[in-house]
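As structure tokens, the structure follows; a few thoughts come after it.
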Amino acid sequence: MINEPENILIVRTDRIGDLVLTLPLAGLIKKQYPNSKVTFLVREYTKNIVNNHPFVDEVIVLKEVDGITPLFYNINIIKQKKFDNCIVVYPRFKISLIIFLSRVKNRIGTGYRWYSFFFNQKVYEHRKNAERHELEYNINLLGKLGIRNSVTESNVNYHLKVAEISLQIVNKTLLDKKLNLQKPIVIIHPGSGGSSVDLPTVKFAELVSRLDHDNYQIILTGSKNEIELCNNIKSSDKVKNLAGIFNLDELTAVISKSVMFISNSTGPIHIAAALGKYTVGFYPKIVSCSKERWGPYTNKKLVFEPQIDCKNCTSEQCKKLNCMDSIDISKVYREIKNVLIKL
């Protein structure tokens, strides 16, 4: 057992959803070690997710130049902070090397990589088998700090905060787009980061049309690259396509204004879950992309999978068989309506 930690670095340098699913670690650490300092090492484009977190004392942005991570620059930054413990939540070789060369005393990470010798506190769990949720894998790393995992979908707390300035910007935008801020807002986010297999566009279009017909107030969100995708699923001028308008802070703020968030497996669905919104997700049966590992970690959710009974599913097989097209939108619509009536 290691000594009580004082200065802890949590490393999560991948994508938006991955970082959101790591946020609960900060609160759990502070609960057991209230005098400790908690720092996150993240990438530039995800930093605002943790900037206002009540249990994160400092945020360090990984230095990257043209997609390359300068070794010695990042080592020097971390070395100066004199961390006594570091949790590399989901490691890559170069990140693990940087932590090792920064001489952090206790380096916590997986025991199943060829470079796991960089860690002197190893956790032996194969994430690829999806035996538990990504968030639970993350929290289990805290066992090396003497913190027991007692988190469930019912009691999880992300402590994700919405910036006031972003709320003001979003409120003005929604009013400019003739949306009624007193009426429930349903967000549909049809794009994804490409890490999973998506619900076909025509299925999203059908769902939008049905909800629009029932006069639900619908916003479509996405990146600038997804403006056309969102246009393709619009059923009328009442449906507002706001793709490409918001930065990450503002997207978080607009999600906070909604009652329901509907999407594929993508980072913003975890933002919605973290904000306590009702989430609806579409997931393939591929183990590494499955709802068991990557579904929204909340008890306020609907999750839909392909109806095809396949085994040992792969991305190639899923696309070849067009598995996601087997999801019954009539059923999705009915279950969504049953939830919306109660919200």
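The values are calculated or read from the model by the stated rules, or taken from the named source; none is laboratory data. None of these values were measured; they are calculated from a predicted model. Counting neighbours? That spans all protein chains shown, and the Cβs are built from the backbone with ideal geometry, glycine included. Surface accessibility is based on the protein's heavy atoms, side chains included, excluding ligands, DNA and RNA. Shrake-Rupley method; radii C 1.70, N 1.55, O 1.52, S 1.80 Å.
Within segment 1-20, can you find the residues that are part of a loop (DSSP other than H, G, I, E, B) and over 25 Å from residue 120 (Cβ atoms)?
Quick first cut of segment 1-20, residues part of a loop (DSSP other than H, G, I, E, B) only: 1-6, 12-15.
Of everything in segment 1-20, just one residue is part of a loop (DSSP other than H, G, I, E, B) and over 25 Å from residue 120 (Cβ atoms), namely 15.
Go through segment 67-101 residue by residue and tally those that are touching a helix residue (DSSP H, G or I) at 6+ places or on another chain (Cβ under 6 Å), hydroxyl-bearing (Ser, Thr, Tyr) and under 13 Å from residue 11 (Cα atoms).
1
Go through segment 102-112 and give me each residue that's surrounded by fewer than 16 Cβ atoms within 10 Å (Cβ to Cβ) and either basic (Lys, Arg) or under 12 Å from residue 72 (Cα atoms) (or both).
Filtering segment 102-112 down to residues surrounded by fewer than 16 Cβ atoms within 10 Å (Cβ to Cβ) leaves 103, 105, 111-112.
Result: 103, 105.
Could you please tell me which pairs satisfy a Cβ distance under 6 Å, a separation of 6+ or placement on different chains, a first residue in segment 320-343 that is in contact (Cβ under 8 Å) with a residue 40 or more places away in the chain, and a second residue that is open to solvent by 60 Å² or more (accessible area, probe 1.4 Å)?
329/206; 333/210
Among the residues of segment 45-60, is there at least one that is open to solvent by 80 Å² or more (accessible area, probe 1.4 Å), over 13 Å from residue 19 (Cβ atoms) and among the hydrophobic types (A, V, I, L, M, F, W, C)?
Scanning segment 45-60 turns up no residue that is open to solvent by 80 Å² or more (accessible area, probe 1.4 Å), over 13 Å from residue 19 (Cβ atoms) and among the hydrophobic types (A, V, I, L, M, F, W, C).
Given the condition buried (at least 19 other Cβ atoms within 10 Å of the Cβ) and modelled with pLDDT under 95, answer yes or no: does some residue in segment 80-98 qualify?
Filtering segment 80-98 for residues buried (at least 19 other Cβ atoms within 10 Å of the Cβ) gives 83, 85-91, 95-96, 98.
Filter again for modelled with pLDDT under 95, leaving 90-91.
Scanning segment 80-98, I find at least one residue that is buried (at least 19 other Cβ atoms within 10 Å of the Cβ) and modelled with pLDDT under 95, so the answer is yes.
What number of residues in segment 26-44 are closer than 23 Å to residue 5 by Cα and open to solvent by 10 Å² or more (accessible area, probe 1.4 Å)? Before you say what the answer is, go through the steps one by one.
Step one: filter segment 26-44 for residues closer than 23 Å to residue 5 by Cα, giving 26-42.
Filter once more, so that each one left must be open to solvent by 10 Å² or more (accessible area, probe 1.4 Å): 27-28, 30-35, 37.
Summing the residues that are closer than 23 Å to residue 5 by Cα and open to solvent by 10 Å² or more (accessible area, probe 1.4 Å) in segment 26-44 gives 9.
Among (1) without any contact (Cβ under 8 Å) to a residue 40 or more places away in the chain; (2) among the aliphatic types (A, V, I, L, M); (3) surrounded by 20 or more Cβ atoms within 10 Å (Cβ to Cβ), where does residue 187 come up short?
Of everything listed in (1) without any contact (Cβ under 8 Å) to a residue 40 or more places away in the chain; (2) among the aliphatic types (A, V, I, L, M); (3) surrounded by 20 or more Cβ atoms within 10 Å (Cβ to Cβ), residue 187 misses just condition (1).
Residues being of a type outside the set (Phe, Trp, Tyr), part of a helix (DSSP H, G or I) and out of contact with any Cys (no Cβ under 8 Å at 6 or more places or on another chain): count how many of those fall in segment 95-105.
Of the residues in segment 95-105, 5 are of a type outside the set (Phe, Trp, Tyr), part of a helix (DSSP H, G or I) and out of contact with any Cys (no Cβ under 8 Å at 6 or more places or on another chain).
Could you check segment 272-299 and list, in sequence order, the residues that are in contact (Cβ under 8 Å) with a residue 60 or more places away in the chain and either in contact with a Gly (Cβ under 8 Å, 6 or more places away or on another chain) or of a type in the set (D, E, K, R) (or both)?
Hits for segment 272-299 are 283, 292, 293, 294, 295, 298.
In this structure, does residue 181 turn out to be surrounded by fewer than 17 Cβ atoms within 10 Å (Cβ to Cβ) and without any contact (Cβ under 8 Å) to a residue 24 or more places away in the chain?
no
Only strands (runs of 3 or more DSSP E) wholly contained in segment 208-312 count here; list those with 1 or more residues that are modelled with pLDDT of 95 or more and open to solvent by 30 Å² or more (accessible area, probe 1.4 Å).
278-282, 301-304
So, in segment 40-94, how many residues would count as being without any contact (Cβ under 8 Å) to a residue 24 or more places away in the chain, farther than 24 Å from residue 114 by Cβ and part of a loop (DSSP other than H, G, I, E, B)?
4
Determine the pairs where a residue that is over 14 Å from residue 87 (Cα atoms), located within segment 111-124, has a partner that is part of a strand (DSSP E or B) and open to solvent by 40 Å² or more (accessible area, probe 1.4 Å) with Cβ atoms under 9 Å apart, the partner being 6 or more residues away or on another chain.
Filtered contacts from segment 111-124: 112/122.
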